Structure formats: C-alpha cells, structure tokens
Amino acid sequence: MDFKQALSKLQTKPSGDAPAAGGPARAPLIEIFHSIQGEGRFVGVPMTFLRVATCPLRCLYCDTPNSYVAPSRVPVRLGPRELHEPNPVAADRAAELVRQCAVGNAAGSKVLRVSVTGGEPLVFPAFVREFGRAVRDKGIRVHLETAAIDPEALASCIDQVDHLSADYKLPETLGAPAKPELALLPGKSYGPLHRRCVEIACKRGASVDVKIVLTDRVTDVSLEQALAELAPVREKILLVLQPVTPFGAVPRPLGRAELERFTQLALRLQFDVRVLPQVHKAMQIP
C-alpha cells in the first residue's frame, strides 16, 4: 500500500466521509466552540472552531491527542449552554451548529469566520466541501487548517475555502504516523505535497499562510530545504514560524539564538515572515 492508498483508507472508514444512501457527507467531530485563538495572520481574531477527529500523522509536539479518536457525542459550546451532538455529524447539521455558535458568541461582528481544524479535516474532503458550501451560504467565511499532505483531497473542496492555513512538517518534528504506509523514507519530506496544496489554494484565490513549527531538534539544513521548496510560492504566502510550545514528547522550548537564526534565514530568502507562538496558550483560552 502506498502513501495515496493509505490516505484513501483513512478517508473511507465507516464513520467517515461517504454519504449514506445519497445523504449528506458526515464526519466524526471532536468539538465546536468559539475562541480568539486564531492561526497565523488571524491570531486574536474571534471565530468559531470546528474540530474534526482523526489524523494520519503524529507530530511530536501535538497538543490535541484527544482529536485522534472521536467521542460518541460532540460538545457544542453555545455561550453558557453546551449541546451534545451524536457522532458522526452531517455537513448541513454541522453548518447550522456553527451558525448558532458564531451568532451567539460574535453578535455584531462585521465578518463571521469558522476555522475547520483537527485532527486532519482533509481525511473527510466531501464533508469539508459540503460543510463549506452550507456555512458560506450563511455568510460565514471558511478557514481550513490542515497538515497539507493530500493535494487531491484539497482540490476537491478548495472552492469552499476562503483561507488556507497549511502546515509544513519538518521531518524531525514527526513521530511514527498512524499508518506505517505514511512513514517518510530517510532523507525525504512531505515538502512537494505541501507546496502542491499551497499552489491549489493560490490558484483558487484563497489567502494562504504556511506554518512551520520549530523545535530544538530542527536543523538549519532542514529549514533551508523547506524554504527552498516554498520559494516558488513565497510571493503568495505568509510564512509563520512557530517556536514550539512544550508538550508531550517535546519538553523544551526553542532557544532564542536558534529562533533568531531561523528567522534571519527566512528573511534573507525574502519571505514575508511572522514569528508567532501559540498565543492562546499564554492567554489560557481554548
């Protein structure tokens, strides 16, 4: 089984993407909530978050291991109230729950936004497409946060995405993936897949941020290779360098000298750079 087949196997699990008897696409969800955590250029922007369960990768720094397996019922936080929706959730129902959450928590906002995050939303591209269409019909802009390793899945739903936040996974920040078939060969990276995802989003006209998490294991050579892969699209993206927030298998922060050196490298290569840690952790918000 190759890389593409392994992803396809994840996407066709019984609790997942395929519509039942012609019905709407469904996906297992973890939670729906409102927050100012944001991502990339949207840090601090109030928006609703829809977190999808299941992830093919295992990042050493991952602070949402609860997203690997979906609960039987999804908590939906509507201000002081909390609903519990049965899993998996149909795309149109998820869109209505997001609308209620957004209106209830951001009344008066000029622009309502929803971040579709995970886990990994592109395990369920039909759900992302149908959810995006339904929620955009309600006047809500769709932000997709993804590991960006499945260009075909992204291409199938990108027309319903307004902003893409794409990870660029450096090999030394990754553990063993959920499926052995997804493991990288020595000296390889997901770089070509990441870049293809960025190209798809740029062609659609979506705004694009590319996030690279930096740990104390990252080498200059690894970051240089990543930036070389992204060089053809650097004029169309915002590059976000994220010094890791220690969690789990990554107990130490990135040193100041390393962060400054990595930032200078990106600037020398003429990227539009932001250095942003996980701000919501410092603010102690969801």
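A few notes on this one:
- Any pair with Cβ under 9 angstrom, 6 or more apart, that starts in region 19-48 at a residue that is assigned to a loop (DSSP other than H, G, I, E, B) and aromatic (Phe, Trp, Tyr) and ends at one that is surrounded by fewer than 20 Cβ atoms within 10 Å (Cβ to Cβ) and modelled with pLDDT of 85 or more: none
- Residue in region 255-268 that is in a loop (DSSP other than H, G, I, E, B) and either out of contact with any strand residue (DSSP E or B) (no Cβ under 9 Å at 6 or more places or on another chain) or not charged (D, E, K, R) (or both) present: yes
- Qualifying residue in region 192-211 (condition: under 30 Å from GLU258 (Cβ atoms) and among the acidic types (Asp, Glu)): yes
- Residues within region 146-192 that are on the phi > 0 side of the Ramachandran plot and either more than 18 Å from the chain's Cα centre (by Cα) or of a type in the set (S, T, N, Q) (or both), tallied: 1
- Residue in region 3-26 that is in contact with a Phe, Trp or Tyr (Cβ under 7 Å, 6 or more places away or on another chain), crowded, with 20+ Cβ neighbours inside 10 Å and modelled with pLDDT of 95 or more present: yes
- Residue match in region 103-115 (condition: under 22 Å from the mean Cα position of the chain (by Cα), without any contact (Cβ under 8 Å) to a residue 60 or more places away in the chain and surrounded by fewer than 14 Cβ atoms within 10 Å (Cβ to Cβ)): yes
- Selection status of SER156, among the hydroxyl-bearing types (Ser, Thr, Tyr), in contact (Cβ under 8 Å) with a residue 60 or more places away in the chain and under 30 Å from PRO46 (Cβ atoms): no
- Failed condition for ALA90, given (1) among the aliphatic types (A, V, I, L, M); (2) surrounded by fewer than 24 Cβ atoms within 10 Å (Cβ to Cβ); (3) under 17 Å from the mean Cα position of the chain (by Cα): (3)
- When the residues of region 162-183 are filtered to those that are in contact with a helix residue (DSSP H, G or I) (Cβ under 6 Å, 6 or more places away or on another chain) and aliphatic (A, V, I, L, M), the one that is farthest from LEU214 (Cα to Cα) is LEU182.
- Among residues of region 196-241, those that are buried (at least 20 other Cβ atoms within 10 Å of the Cβ) and of a type outside the set (A, V, I, L, M), counted: 4
- Residues within region 49-91 that are without any contact (Cβ under 8 Å) to a residue 40 or more places away in the chain, of a type in the set (Lys, Arg) and touching a strand residue (DSSP E or B) at 6+ places or on another chain (Cβ under 7 Å), tallied: 1
- The lone exception for ALA166 - which of (1) part of a helix (DSSP H, G or I); (2) touching a residue at least 40 places away in the same chain (Cβ under 8 Å) it fails: (1)
- Extreme residue, modelled with the lowest pLDDT, among residues of region 181-234 that are out of contact with any strand residue (DSSP E or B) (no Cβ under 9 Å at 6 or more places or on another chain) and among the acidic types (Asp, Glu): GLU181
- Scanning region 146-187 for residues that are among the β-branched types (Val, Ile, Thr) and within 20 Å of LEU223 (Cβ to Cβ) turns up ILE149, THR173.
The values are calculated or read from the model by the stated rules, or taken from the named source; none is laboratory data. What you see is a predicted model, and the numbers here were worked out from it, not measured in a lab. With ideal geometry, Cβ positions are generated from the backbone for all residues, glycine too; neighbour counts draw on all protein chains shown.
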